[in-house]
Amino acid sequence: MIRKNIPSGSPFEKSIGFSRAVRIKDFIAISGTAPIAADGSVSFQGDIYGQTRRCLEIIRESIKKAGANMNNVIRTRIMLKDITGWKEAARAHGEFFSEIRPACTFVEVKGFIDPEWLVEIEADCVLS
């Protein structure tokens, strides 16, 4: 088994014990990805659409670092703080995946580590 951990640069990686993504052979798992700006702040405060796009941009970069692309995504999990905003999250998701069409789940959660996050996304990939 060959394992490749793809870091995010988060200062919490070591203390929590996580990687942004992990690749083992032809499978890539992407951790829950929050809408974090390059400077560490929350991107698009109060905007589900903008936050969803930011999460997917981070995921796309992680997938690229793992040696794949968005066409390799087979499943996404969209966790929303308020499910009533699902259409805005879905619109952003569709901009990335309308042709790829991975399995996808939208679910409401009680909250996130940062109360300003409105969405967090996980993804799974298989290289073909």
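Computed over the chain with a Gaussian network model linking Cα atoms closer than 10 Å, the most mobile of SER43, SER98, SER62 is SER98. Annotation: extensible slack from LYS4 through ASP26 equals 6.8 nm (criterion: 0.36 nm per residue apart, minus Cα-Cα distance). Computed about the Cα centre, the dipole magnitude for the chain is approximately 540 debye when only Lys and Arg (+1) and Asp and Glu (-1) carry charge, each at its Cβ.
Helices in the chain, meaning DSSP H runs of at least 4 residues, each add -39500 (n - 2.57). Divided by all residues, the mean residue ellipticity at 222 nm is -7500 deg cm²/dmol.
Shown for the chain: lysine pairs separated by 8 or more places, or found on different chains, whose C-alpha atoms are under 18 Å apart, numbering 7. Residues of the range 34-68 with the amide nitrogen closer than 17 Å to a label point 7 Å from the Cα of ILE74, along Cα-to-Cβ, please. Only 63, 67-68 pass the distance filter.
First measure r as the distance between the Cβ atoms of ASP124 and GLU95, then evaluate 1/(1 + (r/R0)^6) with R0 = 25 Å and state the FRET efficiency to the nearest 0.05.
After rounding to 0.05, the efficiency reads 0.80.
Remark: the range 56-115 carries a charge dipole of roughly 200 debye about the Cα centre, counting +1 on each Lys and Arg Cβ and -1 on each Asp and Glu Cβ. Taking the Cα centre of each part, how many Å lie between the range 7-28 and the range 98-128? Using only Cα atoms to place each centre, the spacing works out to 16 Å. With an 8 Å Cα cut-off and a minimum separation of 6 or more residues, compute the relative contact order for the range 24-128 in percent. Relative contact order, the range 24-128: 44 percent.
To the nearest 0.05, how large is the calculated FRET efficiency for GLU116 and SER15 if R₀ is 25 Å and r is the Cβ-Cβ distance? Calculated value: 0.70.
No value in this document is a laboratory result; all are computed from the given coordinates. For clarity, every value in this text was computed on a predicted model and none was experimentally measured. In this analysis, Cβ positions are derived from the backbone assuming ideal geometry, glycine residues included, and neighbour counts consider all displayed protein chains.
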